[in-house]
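> Encoded as structure tokens, here's the structure I'll be asking about.
The values are calculated or read from the model by the stated rules, or taken from the named source; none is laboratory data. No experiment lies behind these values; they were computed from the predicted model shown. We place every Cβ from the backbone using ideal geometry, glycine too, and count neighbours over all the protein chains shown. With ligands, DNA and RNA removed, areas are computed over all heavy atoms of the protein, side chains included. Shrake-Rupley method; radii C 1.70, N 1.55, O 1.52, S 1.80 Å.
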Amino acid sequence: MSYYLYKLQFTTPLHVGESRLANGLESAQLNICADTLFSAICHSIIGIEGEGALNAFVDKVRANNILFSDTFPYKQDKLYIPKPYITSKSNREIDISKRKLMKKLSYIPVETINTFLNSVAGKDIFDPETITNDFCLNTVDTKVNLTEGPYSVASVSFFEGCGLYGIVKGEKPDIEYIINHLKMLGLSGIGGKISSGYGKFKVIDVINLEEEVNSQYGLLLSLLKNTNSDYYISLTTSLPTDSELERAIEGAAYKMVRRGGFMYSTKLNRPLKKQTQYCFY
């Protein structure tokens with residue numbers, strides 16, 4: 001199994017409701033979570049190939065033969081990862097304006113991860129003034145439903161050269177299979193309000209990280225394959241079982257995220273509300 005990275009370039013605004021809020025249409029988040037991505041691929045498979053192909057795909061995922069990450073932003077050639085939730089061990093005084101900038105950052109460039117960790121340990125200085133998270137424009141549009149009246153839809157429109165990338169681990173035939181369905185999803189759209197034209201994209205690059213010599217990709221691969229580290233960053237939400245819970249949160253820094261919303265299917269007359277869950281991230 002190898003790690004592959006794919007890049008998505010959006011051609012229309014993207015609507016993915018913020019999971020922490022119940023008013024999904026009136027809020028929009030930047031990224032696509034792994035469970036949303038997996039669900040969309042499953043929907044594509046059953047619509048094109050039928051239930052047998054879907055069951056075979058799901059079985060591979062359940063057996064951990066295919067692993068997905070959330071999607072994260074890129075800007076030009078620079079990849080960003082979630083800012084780690086780590087409490088600083090340094091006693092160094094930091095200007096309050098920089099502390100506020102640091103708090104606002106959701107993502108940092110992959111290439112700055114070592115500086116960030118060394119800064120937490122008091123061995124280096126990570127300057128948040130050199131980092132920007134300006135990947136997209138957030139907008140709220142007013143739509144009209146002939147029976148229920150006006151309503152609002154929030155979305156993000158990515159700036160030129162910006163988009164989302166994801167990481168998937170698997171065997172080459174499975175990766176090619178997933179990418180083919182991603183390309184088809186790009187035509188129909190992903191996320192919410194796809195019937196209104198939201199969420200369309202192109203797959204502009206697929207990279208085998210095991211074969212890439214670029215230093216940024218090499219660093220990312222080394223982080224993914226490191227099994228002996230003091231810290232690990234979750235690349236998607238996690239939901240421990242009751243027996244795993246105490247061990248999972250011991251010494252961990254995390255936030256809780258709400259996962260809910262509605263499931264769309266052509267077999268249903270109306271979207272089906274999913275059970276709301278709270279996961280670690």
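> For segment 57-71, which positions are under 19 Å from the mean Cα position of the chain (by Cα) and within 21 Å of LEU220 (Cα to Cα)?
If we filter segment 57-71 for residues that are under 19 Å from the mean Cα position of the chain (by Cα), which is where we start, we get 61, 64, 66-71.
The answer is ASN64, ILE66, LEU67, PHE68, SER69, ASP70, THR71.
> Another question about this same structure. Are there any pairs with C-beta distances below 7 angstrom linking a residue in segment 232-243 that is in contact (Cβ under 8 Å) with a residue 40 or more places away in the chain to a residue that is among the small types (Gly, Ala, Ser), with the two at least 6 apart or on different chains, and if so which?
Qualifying pairs under 7 Å: LEU235/SER69; THR236/ALA34; THR236/SER69; PRO240/ALA248.
> Considering only residues that are of a type in the set (Lys, Arg), open to solvent by 40 Å² or more (accessible area, probe 1.4 Å) and at pLDDT 90 or above, which ones fall in segment 1-51? I'd like the intermediate steps shown before the answer.
To start, the set of residues in segment 1-51 that are of a type in the set (Lys, Arg) comprises 7, 20.
Then drop every residue that is not open to solvent by 40 Å² or more (accessible area, probe 1.4 Å), which leaves 20.
None; the set is empty.
Rundown of residues vs (1) part of a loop (DSSP other than H, G, I, E, B); (2) open to solvent by 90 Å² or more (accessible area, probe 1.4 Å); (3) in contact with a helix residue (DSSP H, G or I) (Cβ under 6 Å, 6 or more places away or on another chain), yes/no style:
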site: ILE167; (1), (2), (3): no, no, no
site: TYR177; (1), (2), (3): no, no, no
site: MET184; (1), (2), (3): no, no, yes
site: VAL206; (1), (2), (3): no, no, yes
site: LEU223; (1), (2), (3): no, no, no
site: LEU235; (1), (2), (3): yes, no, no
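> Same structure again: Kindly evaluate PHE72 against the criterion of being in contact with an Asp or Glu (Cβ under 9 Å, 6 or more places away or on another chain) and modelled with pLDDT of 90 or more.
No; evaluated as a whole, the condition is false for this residue.
> Taking segment 195-213 as the search range and keeping residues that are farther than 14 Å from ILE41 by Cβ and among the aliphatic types (A, V, I, L, M), which one is modelled with the lowest pLDDT?
Among those that are farther than 14 Å from ILE41 by Cβ and among the aliphatic types (A, V, I, L, M), it is VAL213.
> Any chance you could count how many residues in segment 52-84 are among the acidic types (Asp, Glu), farther than 22 Å from CYS136 by Cβ and surrounded by 14 or more Cβ atoms within 10 Å (Cβ to Cβ)? Step through it out loud before you land on a result.
To start, the set of residues in segment 52-84 that are among the acidic types (Asp, Glu) comprises 59, 70, 77.
Then keep just the ones that are farther than 22 Å from CYS136 by Cβ; that gives 59.
Now narrow it down to the ones that are surrounded by 14 or more Cβ atoms within 10 Å (Cβ to Cβ): none.
Total satisfying the criteria: 0.
> Within segment 248-255, is even one residue surrounded by 12 or more Cβ atoms within 10 Å (Cβ to Cβ), within 19 Å of ALA34 (Cβ to Cβ) and at pLDDT 70 or above?
Taking every residue of segment 248-255 in turn, none turns out to be surrounded by 12 or more Cβ atoms within 10 Å (Cβ to Cβ), within 19 Å of ALA34 (Cβ to Cβ) and at pLDDT 70 or above.
> Here's another thing I want to ask about it. Would you check which residues across segment 112-139 are out of contact with any helix residue (DSSP H, G or I) (no Cβ under 6 Å at 6 or more places or on another chain), assigned to a helix (DSSP H, G or I) and surrounded by 12 or more Cβ atoms within 10 Å (Cβ to Cβ) and list them?
Once the filter is applied, which keeps residues that are out of contact with any helix residue (DSSP H, G or I) (no Cβ under 6 Å at 6 or more places or on another chain), assigned to a helix (DSSP H, G or I) and surrounded by 12 or more Cβ atoms within 10 Å (Cβ to Cβ), segment 112-139 yields THR112, ILE113, ASN114, THR115, PHE116, LEU117, ASN118, SER119, VAL120.
> Now, a different point. Taking the condition of being touching a helix residue (DSSP H, G or I) at 6+ places or on another chain (Cβ under 6 Å) and farther than 16 Å from GLU176 by Cα, how many residues in segment 42-64 meet it?
1
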